[in-house]
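The values are calculated or read from the model by the stated rules, or taken from the named source; none is laboratory data. Computed from a prediction, not measured in an experiment: that's the story for all the values here. Neighbour counts run over all protein chains shown; Cβ positions are idealised from the backbone, glycine included. Side chains are part of the model used for accessible areas, which takes the heavy atoms of the whole protein and leaves out ligands, DNA and RNA. Shrake-Rupley method; radii C 1.70, N 1.55, O 1.52, S 1.80 Å.
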Amino acid sequence: STVLTIGTATDAVDLAVRLWLENDLDEETLDDEVKPRLLAFQRFEAQEEFKLVRAQTHVGSLELMYAGTFDLELAFSIAGLVLVDVKATSKLYSDYVERQAGAYTYARRETFPDAPPIKKLLGLLLKPNGHFKAEWFDVEAAEKKWIETKQEYDDMYGNEAVEEVAQGEGKVRR
């Protein structure tokens with residue numbers, strides 16, 4: 001069992017969900033802020049049939065100079081492989097979640113070139129009242145929005161800004 005005493009509430013919720021899915025969660029260790037959000041996830045799980053494929057997975061794209069960590073990759077019985085972005089915020093910011101998930105799927109293809117493709121994206125808001133909101137997104141549309149956003153950023157700041165930050169952290173060597 002793992003004791004949940006890390007970072008922000010969102011970090012703790014992400015970890016609690018992962019440990020729940022891996023059958024390694026000691027619910028006695030949960031903070032009062034995390035408990036209702038885990039209940040929300042359990043309610044979602046009771047309505048859907050899926051298996052955990054990956055959790056808290058680092059992905060990156062050298063092509064677009066982007067890296068991130070997605071929350072969950074789940075194999076749903078009907079929808080197939082779904083990338084899930086879990087949120088513990090006050091509301092689900094759909095446009096942001098769609099773009100972020102699009103970035104993850106794009107980078108996932110480059111990181112795991114032999115993996116089967118993601119079929120759908122899901123923004124999953126776990127509310128403090130124990131309920132959830134699920135919003136589904138199309139992969140192709142989300143990736144297109146992400147690429148447009150990334151291009152606008154690059155046009156304003158250039159890739160040099162990303163490279164400087166990465167080099168400063170010792171992550172990129174050119």
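Suppose the filter is more than 15 Å from the chain's Cα centre (by Cα), modelled with pLDDT of 95 or more and closer than 22 Å to Pro117 by Cβ; does Phe70 pass it? It is false that Phe70 is more than 15 Å from the chain's Cα centre (by Cα), modelled with pLDDT of 95 or more and closer than 22 Å to Pro117 by Cβ. The single condition among (1) within 12 Å of the chain's Cα centre (by Cα); (2) crowded, with 21+ Cβ neighbours inside 10 Å that Tyr106 does not meet is (1).
Cβ separations smaller than 9 Å between residues 6+ apart or across chains give the following pairs from region 130-144 residues that are at pLDDT 95 or above to residues that are surrounded by 13 or more Cβ atoms within 10 Å (Cβ to Cβ) and in a loop (DSSP other than H, G, I, E, B): Lys133/Leu92; Lys133/Lys127; Ala134/Glu48; Ala134/Leu92; Glu135/Leu92; Trp136/Ala79; Val139/Ile118; Val139/Lys119. Among the conditions (1) within 14 Å of the chain's Cα centre (by Cα); (2) buried (at least 18 other Cβ atoms within 10 Å of the Cβ), the only one that Lys127 does not satisfy is (1). Set side by side, the residues Ala88, Ala9 differ, and just one is in contact (Cβ under 8 Å) with a residue 60 or more places away in the chain and open to solvent by 30 Å² or more (accessible area, probe 1.4 Å), which is Ala9.
Among what's in region 15-43 and is assigned to a helix (DSSP H, G or I) and touching a Pro at 6+ places or on another chain (Cβ under 8 Å), pick the residue that is nearest to Thr89 (Cα to Cα).
Narrowing region 15-43 to residues assigned to a helix (DSSP H, G or I): 15-21, 27-29, 35-43.
Filter again for touching a Pro at 6+ places or on another chain (Cβ under 8 Å), leaving 36-37.
Working: Pro36: 13, Arg37: 10 Å.
Taking the candidates together, the pick is Arg37.
Scanning region 44-82 for residues that are surrounded by 14 or more Cβ atoms within 10 Å (Cβ to Cβ), out of contact with any helix residue (DSSP H, G or I) (no Cβ under 9 Å at 6 or more places or on another chain) and part of a helix (DSSP H, G or I) yields a count of 1. Within region 90-109, the only residue that satisfies the criterion of being of a type in the set (Asp, Glu) and at pLDDT 95 or above is Glu98.
Taking Tyr96 as the residue in question, decide whether it is under 21 Å from Glu22 (Cβ atoms), part of a helix (DSSP H, G or I) and under 13 Å from the mean Cα position of the chain (by Cα). Against the criterion (under 21 Å from Glu22 (Cβ atoms), part of a helix (DSSP H, G or I) and under 13 Å from the mean Cα position of the chain (by Cα)), Tyr96 does not qualify. Regarding Ala141, is this residue within 21 Å of Lys91 (Cα to Cα), of a type in the set (Gly, Ala, Ser) and part of a helix (DSSP H, G or I)? Spelling it out, it is not the case that Ala141 is within 21 Å of Lys91 (Cα to Cα), of a type in the set (Gly, Ala, Ser) and part of a helix (DSSP H, G or I).
Pro117 fulfils the conditions (1) in contact (Cβ under 8 Å) with a residue 24 or more places away in the chain; (2) open to solvent by 10 Å² or more (accessible area, probe 1.4 Å); (3) closer than 25 Å to Asp26 by Cα except for a single criterion, (3). Given the criteria in contact with a helix residue (DSSP H, G or I) (Cβ under 9 Å, 6 or more places away or on another chain) and touching a residue at least 40 places away in the same chain (Cβ under 8 Å), does Leu21 qualify? Yes, satisfied.
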